[in-house]
Every structure is written in structure tokens, then in C-alpha cells.
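The values are calculated or read from the model by the stated rules, or taken from the named source; none is laboratory data. This is a predicted model, so every value here is computed, not measured. Cβ sites come from the backbone with ideal geometry, for glycine too, and all protein chains shown count toward neighbours. Each accessible area value is taken on the protein alone, full model and side chains, heavy atoms only, with ligands, DNA and RNA left out. Shrake-Rupley method; radii C 1.70, N 1.55, O 1.52, S 1.80 Å.
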Amino acid sequence: MKGNDTLLLHLFYTLLLFLGVRSSSSAGNGSNDVTNRKEVYIVYMGAADSTNASFRNDHAQVLNSVLRRNENALVRNYKHGFSGFAARLSKEEANSIAQKPGVVSVFPDPILKLHTTRSWDFLKSQTRVNIDTKPNTLSGSSFSSSDVILGVLDTGIWPEAASFSDKGFGPVPSRWKGTCMTSKDFNSSCCNRKIIGARFYPNPEEKTARDFNGHGTHVSSTAVGVPVSGASFYGLAAGTARGGSPESRLAVYKVCGAFGSCPGSAILAGFDDAIHDGVDILSLSLGGFGGTKTDLTTDPIAIGAFHSVQRGILVVCAAGNDGEPFTVLNDAPWILTVAASTIDRDLQSDVVLGNNQVVKGRAINFSPLLNSPDYPMIYAESAARANISNITDARQCHPDSLDPKKVIGKIVVCDGKNDIYYSTDEKIVIVKALGGIGLVHITDQSGSVAFYYVDFPVTEVKSKHGDAILQYINSTSHPVGTILATVTIPDYKPAPRVGYFSSRGPSLITSNVLKPDIAAPGVNILAAWFGNDTSEVPKGRKPSLYRILSGTSMATPHVSGLACSVKRKNPTWSASAIKSAIMTSAIQNDNLKGPITTDSGLIATPYDYGAGAITTSEPLQPGLVYETNNVDYLNYLCYNGLNITMIKVISGTVPENFNCPKDSSSDLISSINYPSIAVNFTGKADAVVSRTVTNVDEEDETVYFPVVEAPSEVIVTLFPYNLEFTTSIKKQSYNITFRPKTSLKKDLFGSITWSNDKYMVRIPFVLTK
């Protein structure tokens with residue numbers, strides 16, 4: 001789904017929810033008083049106490065203390081991974097509950113949004129060193145299934161998709177405690193040995209785990225779909241579609257509706273059930289709105305992820321699609337936060353001019369126009385209506401700016417280089433309404449994304465290529481041309497590049513943790529789609545079983561699928577060990593051997609891609625890992641300003657004698673054992689941070705030596721200078737001293753790589769002014 005469409009649907013759905021609440025409130029009270037109007041609030045009460053079997057009674061006691069007798073306000077309980085409930089409350093009632101003992105926070109139920117196959121082949125070609133990982137290989141249609149279970153919180157599943165066949169799978173793991181919730185259109189046979197669980201959290205319109213949006217099916221197949229040959233989107237991106245860990249099992253938690261809106265209360269319910277059911281990895285391609293600071297005690301994803309990680313479940317989340325600095329989402333340190341990058345495949349729809357010049361364009365369209373350049377073309381400025389007050393409006397194809405008599409029967413060239421008001425979709429509507437037969441939009445706003453325009457001839461041309469079109473039109477009195485239907489361009493270079501839409505760091509929570517963590521393919525990704533989708537089908541064709549989408553939503557399942565593979569090979573590893581392995585093995589160069597760049601051509605920084613772009617083999621055997629343990633997370637909460645009493649409620653248990661340091665400050669966050677380093681230098685001459693690594697190689701006796709890449713403005717020293725591991729010494733710590741030569745004028749980036757003769761273990765650092 002395109003970004004604008006998703007936003008409009010989100011706003012529409014939110015409006016419906018608001019109107020529904022307002023209508024029922026008015027009917028019951030005869031008043032629109034904000035303090036009396038009922039809406040859903042989430043009451044978060046910290047960790048679940050495994051010795052207490054009466055959560056429902058505890059929750060009921062808190063709830064009934066503010067309600068009238070026999071009033072049924074409860075929406076759902078949370079009792080497995082954490083304690084709390086969702087209920088319909090007035091603002092006054094919510095404020096009253098917030099004062100009760102044992103309550104961490106009370107907040108309105110937020111509406112989050114979705115952050116919307118060649119990709120795995122491309123990833124396998126991106127590697128730093130050759131490692132014999134001895135993976136289990138697929139042989140024909142039968143292969144050894146895994147007991148690793150991926151939980152996906154999204155829009156549900158289309159179980160009939162070939163990507164979810166259970167052929168070759170063994171019995172469902174005996175430890176699995178989940179269920180397959182049935183409905184009129186989703187019976188028990190929709191689950192199998194591949195889809196081992198399906199839950200839904202009903203809203204009035206949808207009471208089924210079936211996916212009527214497509215997003216959940218797409219991300220699930222990207223992560224763990226089995227190989228399906230002959231997959232394509234009407235012939236585009238053709239090949240074998242497969243997930244990153246096809247042998248893994250899938251558990252589905254439908255927390256979002258068909259419109260793409262995801263209530264926080266449903267998300268928390270999904271987390272709670274997933275913890276109970278026994279998933280190993282959780283994947284969430286959704287989040288809030290970028291540019292707002294997250295409160296860790298009122299963010300449903302941060303809360304659910306914290307308690308999941310406490311129980312050894314790695315949580316992988318999308319960084320967001322806001323594309324600007326300080327917009328990265330899902331940025332708590334216990335979350336693996338994923339940015340989006342391109343792969344080595346492009347989707348081109350070129351423009352052929354009357355002088356036989358071919359100009360590169362990018363879009364997905366199934367143009368019915370002939371390949372020969374025989375169709376009249378007109379520059380939108382030349383099609384301006386009479387007496388227009390602003391010629392720029394006509395040049396950019398704004399509403400009410402063009403003369404229908406000049407547009408009809410022509411391909412219109414719109415110059416949108418600096419147009420921030422109207423999208424390509426909106427200009428299509430304008431041109432079609434005036435009788436135009438095609439649209440060439442000169443714009444740099446879409447980067448490497450090929451948007452889908454069905455069968456109306458549309459392509460987007462970058463401004464550096466658009467000048468050739470304008471020069472041709474100005475050179476002749478009868479310009480002609482055509483827009484070619486989209487074709488797949490393989491082996492595209494350079495790749496990867498960071499998508500223009502991918503949300504950037506630094507984090508608004510704290511500049512002392514680098515976010516995002518990693519980048520993965522999220523541009524023009526082919527994956528399974530829901531059946532019977534007749535909404536955007538080219539004329540004369542049947543609905544496609546696959547779809548090409550872009551977003552950090554698509555990048556996230558690449559990482560969660562990879563995490564499943566790492567978990568399968570290393571079943572005893574902690575969530576943070578898997579996270580470290582993925583981050584420390586990332587690459588920073590593209591397939592031209594140059595540094596990874598952004599869509600705009602600038603050299604990417606850790607604010608764009610974190611540790612770099614994922615690889616698929618090195619994380620299976622990384623050599624060393626940086627394990628972030630529970631005490632690190634508790635200290636993080638201390639350093640963020642929470643008191644020890646609140647932290648005990650949130651975490652349930654803390655180590656004996658644990659307490660928040662008296663001098664707690666956000667600067668101390670830099671020393672939690674994270675697989676990247678971020679230091680804020682405001683008011684400091686130098687800084688010292690520490691890290692601890694664990695040797696996870698089969699070889700016990702080894703020595704690692706460091707390579708430091710640092711900007712010239714800072715001196716970086718390590719102690720000790722080498723790390724020696726033996727049979728009895730599996731962990732080693734080291735200190736890093738950063739000493740700027742002068743006060744920082746800008747944020748600086750560098751890296752520390754520990755290597756022996758077999759592995760390179762790299763972490764990035766950022767020094768903020």
C-alpha cells in the first residue's frame with residue numbers, strides 16, 4: 001500500500017472509531033462532556049506474577065473501584081507476559097485508576113499504523129568473509145522443518161497462499177501452547193504444520209484471522225514462506241519466492257484491521273498471547289507516527305517488547321516510513337529496529353521520444369500504449385488554461401490549472417521537481433479527468449520505489465533525466481513519444497541504497513543509543529498476497545497472488561526471518577546474542593564496492609542504516625557477541641529517570657541489592673552492553689565507555705585484535721589492546737576512550753572491529769555534539 005493511501009485509510013478508520021465512540025457516548029449520557037465520554041484506555045500494571053492465579057480478580061477490583069455497579073467496561077485482560085487490562089473509561093475514571101497502587105500507567109488506546117523475491121538471492125551475494133555454515137539445504141519439495149516459531153503481529157493471514165504449505169514439515173512442536181481461532185471464513189484446517197497458530201482480536205467489522213489487507217500475508221511469506229517457483233507480479237520480478245527461514249513455523253496474531261489501523265490494546269493482547277504460546281521471535285511491521293518522543297511506559301510496542309525480551313523472545317520492529325532525521329520509531333534498546341534498503345533489481349518504465357531517445361523512468365504500470373513513439377506529448381506549462389495566475393501550478397499539474405482542450409489525447413509531462421503539495425496519484429486523477437492518455441512525472445520524491453499505477457501509462461522520471469524530455473519537446477512543434485510498460489532490470493547497481501522513506505536517527509528517547517540498528521531489503525519486494533483482491537487488477541487479467549510493496553514493513557521480515565535461521569543454528573542463544581550477531585556482521589559497502597549511499601546519492605551514515613546492511617551467513621557464526629542482559633535494561637530505565645519502585649513493578653523481579661545509581665543520568669546509557677556505541681559530548685572533554693564480548697566460536701583458544709576507524713577530529717583508544725579467550729575465559733571486557741581534539745561541530749561516526757584469522761566483529765559508534 002502506498003504511503004498516502006495508508007495515511008488516508010488510517011485517518012478514515014480513526015474518524016470512524018471516534019464517531020462510533022462519540023455516538024454511543026452521546027446516546028448514553030445525553031452529553032458531549034469530554035470528562036464523561038467513554039473511550040478505551042489501557043491500564044498497565046507491570047510484570048505478571050507467575051505465582052498469582054487471580055489476575056482477573058485483581059483487574060476487576062481495580063476497575064470496579066471506579067465504576068458503577070454492574071457496568072461492563074472491560075475490553076480485555078493481559079495476564080501472561082505482563083499484567084493489565086483495557087477498558088472503556090471516562091477521563092476522570094482513568095485518572096482515578098492511575099493513582100492506584102501497582103498501576104504503572106493509564107493511557108488512551110492509541111491507533112498505530114502499518115509501515116508499508118529476489119531479495120534473499122541478493123542478500124546471499126552480499127558477504128564479507130566466506131564461512132562454512134553447514135546449513136540444512138532444501139532438497140526438492142521436502143526439507144527438514146524447524147521447531148523455531150515466528151510470531152507475526154499484523155493484519156492476519158491468507159492461509160491458502162502456496163507460501164504457507166506444510167509439505168515436508170514434521171509434527172507441531174510439543175511445547176507449542178497456542179491455538180487456531182476459527183470463524184465462518186477460517187476453519188481449523190486453515191492452520192497446519194506450517195501455520196501452527198492464528199489468533200485475532202476482533203473489532204466490529206472483522207472477527208477472523210483471515211487477512212483482507214494483504215500486508216500480513218506479504219510480511220509473513222517474506223520471513224518464513226516456503227519456496228514457490230514461478231512467482232511474479234503479472235510477469236514482473238519473476239522467480240522463486242521464498243522466505244528467509246522457510247523451515248520455521250508461523251504463528252499469526254491479527255492486531256490490525258483491513259484499513260491498516262492497529263489499536264494498541266490489540267497489540268498488547270498479541271504480545272501477551274505470543275509470550276504464553278511459546279514463540280521464539282516476534283516480527284512487527286507497524287508502529288506510531290514519527291517525530292514524537294516515545295514514553296516507554298505508555299508505548300504498547302515498547303511495553304510488550306520489554307516483557308517478551310525478558311522471556312528470551314527477540315522482537316524485530318520497523319523503524320518507520322517518515323524518512324527524516326529524528327523520526328525513527330520502535331527505538332527502545334530491547335527492540336531490533338530495522339531500516340529499509342534496496343536490492344539489485346529495478347522496475348523501469350521508460351519514455352521513448354520521437355527522436356528515438358530513451359529516457360529512464362521508474363514505475364509499475366501495464367501500459368497499453370504501443371512501443372513506437374507515436375503519441376502526442378505536451379509539457380504541462382504549455383497546457384495552462386487561459387488567464388492562469390500562477391504558471392507554476394500548470395507546470396506542476398495542479399488542480400484547475402490545465403486546459404482540457406490542450407490535454408485531451410496527449411501524454412502530459414508534469415514538472416514536479418519542487419512540488420510538495422500533490423503526489424503522482426493525484427496528478428493522474430487530474431490528467432485522466434481532462435482526457436490525457438498518459439503522465440510523465442518529473443520528480444525525485446519517490447527515490448528507488450516503483451509505485452503501482454495499474455494499466456494507466458504513468459512513469460516517474462528523475463529531474464536529471466527529465467531535462468532531456470523537456471529539451472526534446474522544446475525542439476519540435478509536434479512532440480511525440482510513448483510510455484513503455486514496466487520491465488524488470490536485474491543486476492542493478494548500486495545496491496543496496498537506503499530508501500528515501502526509511503525513518504532516520506537519532507532517537508528522540510535518547511541520543512545515547514544508536515537507532516536504527518540495521519538495514520534490510522524493503523524496496524520493491526515481491527511476496528504473497530491475499531486472494532480475490534480485485535481492487536487494482538489490470539484490464540483482462542485475474543487478481544495476482546503476489547504483490548510488490550515497499551516500506552520498512554518489508555524490511556522487518558527479512559530480519560526476523562534471518563533471526564529465525566540464527567536461532568535454529570544456535571538454539572540456546574539469548575535474544576540479545578542473536579541481535580548482536582546480525583548487527584556485528586553487517587556490511588557497509590554496495591555491489592560496486594563503494595560505501596552504501598542513500599536514495600539521494602549521499603554517503604549513508606549509522607543514522608540511516610545503523611550497523612549496516614544485513615548479511616545471511618555471517619550471523620550464524622559471528623565469533624563474538626555483545627549480550628545486553630536484564631540488568632542493562634534495568635539500568636537503562638534508571639538512567640531514563642524511572643525510580644526503583646516503579647522499575648520493580650515493571651520488571652517483576654530485580655537482582656538482589658540492585659538499585660538505581662544516585663548519579664543516574666542519560667549519559668550513563670552509553671555504557672549498557674549494546675552492539676553499537678553512542679556518546680553525547682555536551683559539556684564533556686572526553687568519555688569512557690565499556691563493552692563486554694562473549695566468545696561463541698567452537699574454538700576456545702583465540703586472540704582478537706582491534707581495528708579502529710575514527711574521524712580525524714577525535715582520538716579513540718582501547719584498553720586492553722587485545723582480547724584473549726581460553727577454555728576457561730569466555731568473556732572479555734574492554735574500555736573505549738573518546739577524546740575530541742576540539743569541541744564537536746557536528747556528529748561524528750566511526751567503528752571498532754575486533755578480528756582474528758576467522759571473524760570480523762564490527763560495531764559502529766556515533767559521537768553527538
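For GLU709, the accessible area of its heavy atoms, probed at 1.4 Å with every protein chain present, is near 110 square angstrom. Estimated at the nearest 10 Å², the accessible area of VAL487 is 70 Å² with a 1.4 Å probe. What the chain shows is 39 Å² of accessible area per residue, with the surface traced by a 1.4 Å probe over protein heavy atoms. Among 549-555, 645-651, sorting by the average number of other beta carbon atoms lying within 10 angstrom of each residue, highest first, gives 549-555, 645-651.
Cα-based Rg of the chain per 2.2 N^0.38 Å, rounded to two decimals? All intermediate terms of the calculation are to be shown ahead of the outcome.
On the way: Rg = 27.1 Å, N = 769, 2.2 N^0.38 = 27.5 Å.
Against the empirical 2.2 N^0.38 Å value, I get 0.98 for the chain.
Plainly put, segment 39-108 has a radius of gyration that is 0.93 times its Kirkwood radius, both from alpha-carbon atoms, as the Rg/Rh ratio.
In segment 346-489, the portion of solvent-accessible area held by carbon and sulfur atoms comes to 51 percent [1.4 Å probe, whole percent, DNA, RNA and ligands not counted].
For segment 526-575, the carbon plus sulfur part of the accessible surface works out to 50%, probe radius 1.4 Å. If R0 is 56 Å, the Cβ-Cβ spacing of ILE420 and ILE729 corresponds to a FRET efficiency of close to 0.45.
Give, in whole angstrom and from largest to smallest, the semi-axes √(5λ) of the equivalent ellipsoid of segment 346-489, with λ running over the eigenvalues of the Cα gyration tensor. Don't jump to the answer; show the numbers that get you there.
Details: eigenvalues 88, 56, 39 Å².
They are 21, 17, 14 Å, listed largest first.
Annotation: aspartates and glutamates with alpha-carbon distance below 12 angstrom to LYS194 (same-chain offsets under eight excluded): ASP147, GLU160, ASP166, GLU247. Accessible area ranking (1.4 Å probe, heavy atoms, ligands and nucleic acids excluded), largest first, for MET760, MET45: MET760, MET45. Calculated [222 nm] ellipticity per residue, helices only, for the chain: -6500 deg cm²/dmol; basis is -39500 (n - 2.57) per DSSP H run with n ≥ 4, divided by all residues, nearest 500. The alpha-carbon of LYS662 sits under 19 angstrom from the alpha-carbons of these lysines, leaving out residues fewer than 8 places away in its chain: LYS648. Taking each of LYS741/LYS769; LYS207/LYS542; LYS427/LYS539; LYS79/LYS184; LYS515/LYS745; LYS79/LYS177 in turn, the alpha-carbon distance tops 18 angstrom for LYS207/LYS542; LYS427/LYS539; LYS79/LYS184; LYS515/LYS745. Computed over protein heavy atoms with a 1.4 Å probe, the carbon and sulfur contribution to the accessible area of segment 673-767 reaches 52%. Relative contact order for segment 673-767: 37 percent, from Cα pairs under 8 Å spaced at least 6 residues apart, divided by residue count. One decimal place: the segment LYS593-SER755 gains 56.3 nm when fully extended, by the rule 0.36 nm per residue minus the C-alpha distance.
The three principal axes of the Cα atoms in segment 281-385 give end-to-end lengths of 65, 34, 21 Å, sorted in falling order. By the Cβ rule of 4.7 Å, the chain holds the following cysteines without a possible disulfide partner: CYS190, CYS317, CYS564.
So which of LYS167/LYS567; LYS579/LYS730; LYS569/LYS731; LYS293/LYS493; LYS464/LYS493 end up more than 25 Å apart by C-alpha? In this structure, LYS293/LYS493 exceed 25 Å between Cα atoms. Relative contact order of segment 542-652: 27 percent, from C-alpha pairs under 8 Å at least 6 residues apart in sequence.
For segment 709-719, 3J(HN,Hα) computed residue by residue from phi via the Karplus equation (6.51, -1.76, 1.60; θ = phi - 60°) reads 10, 10, x, 5, 7, 9, 9, 10, 10, 10, 8 Hz, glycine and proline entered as x.
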